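Everything on this sheet refers to the single structure shown next.
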Amino acid sequence: MGFGGISIWQMLIVLAIVILVFGTKRLKNLGGDVGGAIKSFKSAMTEGDKAEEKKTPDSLEKKDSGDANFSEVKADEKSTVEDK
């Protein structure tokens with residue numbers, strides 16, 4: 001007995017039918033596409049890890065409420081903005 005109650009001969013017959021239906025060229029292309037997708041996924045995961053490592057602790061530090069960065073408005077500009 002083989003995998004899940006299926007003998008080796010039954011698996012070979014199923015494999016032969018799949019090759020006859022799809023052809024070796026299409027199966028080769030499918031294998032290449034799956035391999036390319038896995039490679040792309042792995043590279044995207046490593047790029048994400050590298051991006052997280054580049055963050056510095058200073059950029060993640062929270063500011064106090066007293067350190068708010070308000071833009072400065074000159075008195076002349078302020079009066080014209082309030083008049084509108």
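Can you tell me the FRET efficiency between N29 and D49 if r is taken as the Cβ-Cβ distance and R0 is 25 Å, rounded to the nearest 0.05?
On the way: r = 31 Å, r/R0 = 1.23.
That pair, N29 with D49, gives E of 0.20.
Suppose R0 equals 22 Å. What FRET efficiency, 1/(1 + (r/R0)^6) with r the Cβ-Cβ distance, do L20 and S40 give to the nearest 0.05? Write down the numbers at each step before the final one.
Values: r = 31 Å, r/R0 = 1.41.
It comes to 0.10.
Bear in mind these aren't lab numbers, they're just calculated from the coordinates by the rules spelled out. If you're wondering where the values come from, they're calculated on a predicted model, not measured in any experiment. Note: ideal-geometry Cβ built from the backbone for every residue, glycine included; neighbour counts use all protein chains shown.
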